[in-house]
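The values are calculated or read from the model by the stated rules, or taken from the named source; none is laboratory data. Just so we're clear, the structure is a prediction, and the values are computed from it rather than from any experiment. Neighbour counts run over all protein chains shown; Cβ positions are idealised from the backbone, glycine included. To get the accessible areas, we keep the full protein, side chains included, count just its heavy atoms, and leave off ligands, DNA and RNA. Shrake-Rupley method; radii C 1.70, N 1.55, O 1.52, S 1.80 Å.
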Amino acid sequence: MKTLILHGWGGSEMPHWQSWLAGELAKDYGTVCFPLLKDKDTPQKEIWMQQVKALLDDFKPDTVVCHSLANMLWFHLCQEYELSEVKKLFLVAPPSLKNPIKEVATFFPVNVPCNLYARDVLLITSTTDPYISEQEAHDLAAQLGVSHKILEHAGHINTDSGFGVWIEIVEMVKGL
């Protein structure tokens, strides 16, 4: 299994669950690509798109795991390129499509893509995410036509909300 893990704005260094996931997958001889995207604190859509498109072409992942702003990046990639289909896509804690944060303004506006280039897709959101309302998350799942897992009181599903070690994501990625 080849897994590409894409962080959001600011990165996902330890003890973030994405860093932990990369280590857990590698321990079981999984092939993992967890790149540090350029200028993680001041991201630019075009730069991130070029970097990830090159990774997709070279690495050819079976699974992609996006967190936060990486979801918007994936949406843009799906709209601007014809991608090779992945087996599994995890869209974790996407921000609102109407995000007003100026530091990530190049990623917005974004439209919901017609094709996510993935066989199986799971959207994972929280009832208390400060970056997307419960209703927006439900609407996004419906627009995408994907499975939706809702975590109760999980904030932005990051280190600040207690998501360092996250056994369930490892099991989901491995298909257990």
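What the table shows:
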| quantity | calculated |
| --- | --- |
| Mean separation of Cα contacts under 8 Å (6+ apart) over length of the chain, as relative contact order % | 23 |
| Surface share of carbon and sulfur [accessible, 1.4 angstrom probe, percent] for the chain | 51 |
| Shape call, the range 56-119: gyration tensor on alpha carbons, a/c limit 1.5 | prolate |
| Rounded, prolate or oblate (a/c below 1.5 giving rounded, otherwise prolate when a/b exceeds b/c) for the range 10-96 by Cα gyration tensor | oblate |
| Centroid-to-centroid separation of the range 129-143 and the range 78-119 [C-alpha atoms, Å] | 14 |
| The chain shape via C-alpha gyration tensor axes, a/c threshold 1.5 | rounded |
| Within the range 144-176: backbone nitrogen closer than 19 Å to the T127 label point (7 Å, Cα to C-beta) | 148-158, 161-163 |
| Neighbourhood net charge (15 Å Cβ-Cβ; Lys/Arg +1, Asp/Glu -1) for F75 | -2 |
| Added length on full extension, which subtracts the Cα-Cα distance from 0.36 nm per residue, K149 to K40 | 36.5 nm |
| Pairs of Lys in the chain closer than 15 Å at Cα, counting only those 8 or more apart or on different chains | 15 |
| Per-residue [θ]222 nm for the chain (sum of -39500 (n - 2.57) over DSSP H runs n ≥ 4, rounded to 500) | -10000 deg cm²/dmol |
| Most fluctuating residue given options G164, G11, G30, as computed from a GNM of the chain linking Cα atoms under 10 Å | G30 |
